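One structure below.
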Amino acid sequence: MDVVLLVVALGVILGSAELFTNGIEWFGHKLDLAEGAVGSVLAAVATAMPETLIPTIAIVGPALSGRDPQASHEIGVGAILGAPFMLSTVAMFVTGAAVLAFARRGRRAEAMDVSTPVLARDVGFFVVGYTVAIGTAFLPAVAWIRWSAAALLLGMYLYYVRLHFADDREEGDASDLNRLHATRLPGIRRRSALEVQFLPDVAEDEGDTTPRLGHEPRMRIVVGQVLAAM
């Protein structure tokens, strides 16, 4: 039963991550946000939620249940320090293998279209932040040291977020995005899901001012999918 539950839970996580990333791309497009703000901040917050909740529950759980906190504390620390190792090794391998596999089938190019400035910034902040976290784990359990490290990491993250949201948005339009999954649901009428827009070129050439359905989903449909995924 535990194995079945684990497989089902992993399926739920993967399906939710797909729904969320698809929805958050449209959310960022609607708000005209930079690529780094969408991918490195908004998408990362929710897709990293499973790794974040494990140490949170492990650390807070014993205080609420009255159980021995030692084992839970070790699980929490292990999850905090281990998740970045997994993401920087196994996750990178799976991503590269998937790119090559799909490229061999002709479904995409082997080259990955990435923003090198955004990637360099992410790696730079990660190296510094992770070094501070690892170093703190080996220092004596002195309150002021740990609180100082926590304040430093929080300040670094806030500055990191500020830099991403200050970036200019890259050129691109909605045609670069995959279709919003929520608009495929049979219960959602096209007129309620898609924005109505005028076509100026048609109106000027043919005198037709009839509004037509655009191909962009309405903001409430985008937000609904994001919240459902979370």
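The values are calculated or read from the model by the stated rules, or taken from the named source; none is laboratory data. All values reported here derive from a predicted model rather than from experimental measurement. As a convention, Cβ positions derive from the backbone with ideal geometry for all residues, glycine included, and neighbour counts pool all protein chains shown. Note: areas computed on protein heavy atoms with side chains; ligands, DNA, RNA excluded. Shrake-Rupley method; radii C 1.70, N 1.55, O 1.52, S 1.80 Å.
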message: Condition (residue is open to solvent by 80 Å² or more (accessible area, probe 1.4 Å) and at pLDDT 60 or above) applied to the stretch 200-214: is it met by at least one residue?
response: no
message: Being farther than 21 Å from V45 by Cα, open to solvent by 80 Å² or more (accessible area, probe 1.4 Å) and part of a helix (DSSP H, G or I) is the filter here; which residues of the stretch 132-158 pass it?
response: F138, W144, R146, W147
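Hey, does the stretch 59-76 have a residue that's farther than 25 Å from I134 by Cα, in a helix (DSSP H, G or I) and open to solvent by 80 Å² or more (accessible area, probe 1.4 Å)? Show your work before the answer.
We begin by selecting, within the stretch 59-76, every residue farther than 25 Å from I134 by Cα; these are 64-67.
Still in the running and in a helix (DSSP H, G or I): 64-65.
After this cut, where a residue has to be open to solvent by 80 Å² or more (accessible area, probe 1.4 Å) as well, the list is 64.
Scanning the stretch 59-76 turns up at least one residue that is farther than 25 Å from I134 by Cα, in a helix (DSSP H, G or I) and open to solvent by 80 Å² or more (accessible area, probe 1.4 Å).
Select from the stretch 20-51 the residues that are of a type in the set (G, A, S) and farther than 21 Å from T116 by Cα and list them in ascending order. I'd like the intermediate steps shown before the answer.
Just the residues of the stretch 20-51 that are of a type in the set (G, A, S), to begin with: 23, 28, 34, 36-37, 39-40, 43-44, 46, 48.
Result: G23, A46, A48.
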task: Could you figure out which of (1) open to solvent by 30 Å² or more (accessible area, probe 1.4 Å); (2) more than 19 Å from G82 (Cβ to Cβ) isn't true of P50?
output: (2)
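Residue-wise test of (1) surrounded by 13 or more Cβ atoms within 10 Å (Cβ to Cβ); (2) at pLDDT 90 or above.
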| site | (1), (2) |
| --- | --- |
| M1 | no, no |
| W26 | yes, yes |
| K30 | yes, no |
| V38 | yes, no |
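Among the residues of the stretch 103-124, which ones are open to solvent by less than 80 Å² (accessible area, probe 1.4 Å) and over 24 Å from M156 (Cα atoms)? Talk me through it step by step, then tell me what you get.
First, the residues of the stretch 103-124 that are open to solvent by less than 80 Å² (accessible area, probe 1.4 Å): 103, 106, 109, 111, 114-115, 118, 120-124.
Residues satisfying the conditions are A103, G106, A109, A111.
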query: Pairs under 6 Å by beta carbon, first residue farther than 16 Å from L177 by Cα in the stretch 36-54, partner outside any helix (DSSP H, G or I), six or more apart or different chains?
result: A46/M230
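Looking at this structure, is G96 closer than 29 Å to L154 by Cα, in a helix (DSSP H, G or I) and open to solvent by less than 80 Å² (accessible area, probe 1.4 Å)? Break it down stepwise before answering.
Details: closer than 29 Å to L154 by Cα: no; in a helix (DSSP H, G or I): yes; open to solvent by less than 80 Å² (accessible area, probe 1.4 Å): yes.
Answer is no for this residue.
Could you go through the stretch 8-18 and let me know if any residue there is within 29 Å of P117 (Cα to Cα) and either touching a Leu at 6+ places or on another chain (Cβ under 6 Å) or hydrophobic (A, V, I, L, M, F, W, C) (or both).
The initial filter retains those residues of the stretch 8-18 that are within 29 Å of P117 (Cα to Cα), namely 14, 16-18.
Now restrict to residues that are either touching a Leu at 6+ places or on another chain (Cβ under 6 Å) or hydrophobic (A, V, I, L, M, F, W, C) (or both): 14, 17.
Yes, the stretch 8-18 has at least one match.
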